[in-house]
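Shown next, in structure tokens, is the structure this report addresses.
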Amino acid sequence: MNDKAYKRILLKLSGEVLMGNQEYGIDPEYVARLAEEVKAAKDTGLEICLVIGGGNIFRGVAGAAKGLDRTTGDYMGMLATVMNALAMQNALEQAGVQTRVQSAIPMSSVCEPYIRRRAERHLQKGRIVIFAAGTGNPFFTTDTGAALRAAEMNCDALLKGTSVDGVYDSDPKHNPDAKRFDTISYDQVLSDNLKVMDATAVALCRENTIPIVVFSIREKGNVARVLEGNGVQTIVQEEA
């Protein structure tokens, strides 16, 4: 894979990566570093959309497990993603990149509402668009929100930056003999219940033939390497 293979991508980041080495919250220095990586990718000519999770601030499922109503918890998680989106917007604009945040939950005082045609126009003008608040509905993850936006915006690929360098047949943090895949089919991810993204997100990408590229975002410069085809990654796609 190289930067000439795609015109438009959606980059999905877990909220946890914004913590840096902290236990929770947002590390401004680490966010600034991520912004520089996103800028470098944009400078290759790519049109870039971003979706950022909210797990560094609040996770709805965890809240529900502790007795909080699931719907309420999910809405709180969506608000956390807006906070992360604003932090990333600030870092990108400090790096000289025009950026717009669009939220699935309207909050006009701080960002735009999600309007697909407006987002399309922003991308055409060379701006980065950050989609916040997931799908705007409880019981759907930000992974599903990312897959939905990638389909709506006709993205050529969905890049998922995580804390591991690809898709494994078991958790590499607990199994040192876990096998990493270079490529894997959507169907195998679903049938083997591999924890790449939630099943709804994977199915949505399969239906719209959007490859999912999984790589480690924690390694400096990895976004550019992956786009050049040199970084360690796993590509989830249709079987050849």
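The table for this structure:
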{"quantity": "Scope segment 1-37; condition β-branched (V, I, T) and at pLDDT below 95; matching residues", "calculated": "V17"}
{"quantity": "Residues of segment 55-78 satisfying the condition of being among the β-branched types (V, I, T) and buried (at least 16 other Cβ atoms within 10 Å of the Cβ)", "calculated": "I57"}
{"quantity": "Condition check for T81: buried (at least 19 other Cβ atoms within 10 Å of the Cβ), among the polar types (S, T, N, Q) and over 12 Å from I52 (Cα atoms)", "calculated": "no"}
{"quantity": "Residue match in segment 19-38 (condition: part of a strand (DSSP E or B), touching a Leu at 6+ places or on another chain (Cβ under 6 Å) and of a type outside the set (G, A, S))", "calculated": "no"}
{"quantity": "Top-ranked residue of segment 96-113 - restricted to ones that are among the aliphatic types (A, V, I, L, M) and surrounded by fewer than 17 Cβ atoms within 10 Å (Cβ to Cβ), ranked as nearest to T141 (Cα to Cα)", "calculated": "M107"}
{"quantity": "Cβ-Cβ under 6 Å pairs, at least 6 apart or on other chains, segment 14-27 side within 13 Å of R218 (Cα to Cα) and without any contact (Cβ under 8 Å) to a residue 12 or more places away in the chain, far side crowded, with 17+ Cβ neighbours inside 10 Å and among the hydroxyl-bearing types (S, T, Y)", "calculated": "G20/Y30"}
{"quantity": "Within segment 152-218, strands (runs of 3 or more DSSP E) holding 3 or more residues that are at pLDDT 95 or above and surrounded by 21 or more Cβ atoms within 10 Å (Cβ to Cβ)", "calculated": "157-162, 212-216"}
{"quantity": "Of all residues making up segment 134-151, the number that are assigned to a loop (DSSP other than H, G, I, E, B) and out of contact with any helix residue (DSSP H, G or I) (no Cβ under 6 Å at 6 or more places or on another chain)", "calculated": "5"}
{"quantity": "Any pair with Cβ under 6 angstrom, 6 or more apart, that starts in segment 211-230 at a residue that is among the charged types (D, E, K, R) and ends at one that is surrounded by 17 or more Cβ atoms within 10 Å (Cβ to Cβ)", "calculated": "R225/G231"}
{"quantity": "Tally of residues being acidic (D, E) and within 18 Å of I130 (Cβ to Cβ) across segment 4-26", "calculated": "1"}
{"quantity": "Selection from segment 1-50 of residues that are of a type in the set (S, T, N, Q), surrounded by fewer than 18 Cβ atoms within 10 Å (Cβ to Cβ) and either farther than 17 Å from R225 by Cβ or within 17 Å of the chain's Cα centre (by Cα) (or both)", "calculated": "N21, Q22"}
{"quantity": "Residue match in segment 114-124 (condition: buried (at least 16 other Cβ atoms within 10 Å of the Cβ) and in contact with a Phe, Trp or Tyr (Cβ under 8 Å, 6 or more places away or on another chain))", "calculated": "yes"}
{"quantity": "Scan of segment 108-123 for residues that are without any contact (Cβ under 8 Å) to a residue 12 or more places away in the chain and in a helix (DSSP H, G or I), ordered by number", "calculated": "R117, R121"}
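The values are calculated or read from the model by the stated rules, or taken from the named source; none is laboratory data. In this text the structure is predicted, and so the values were computed from the model without any measurement. No Cβ is skipped: glycine too gets one built from the backbone with ideal geometry, and neighbour counts run over all protein chains shown.
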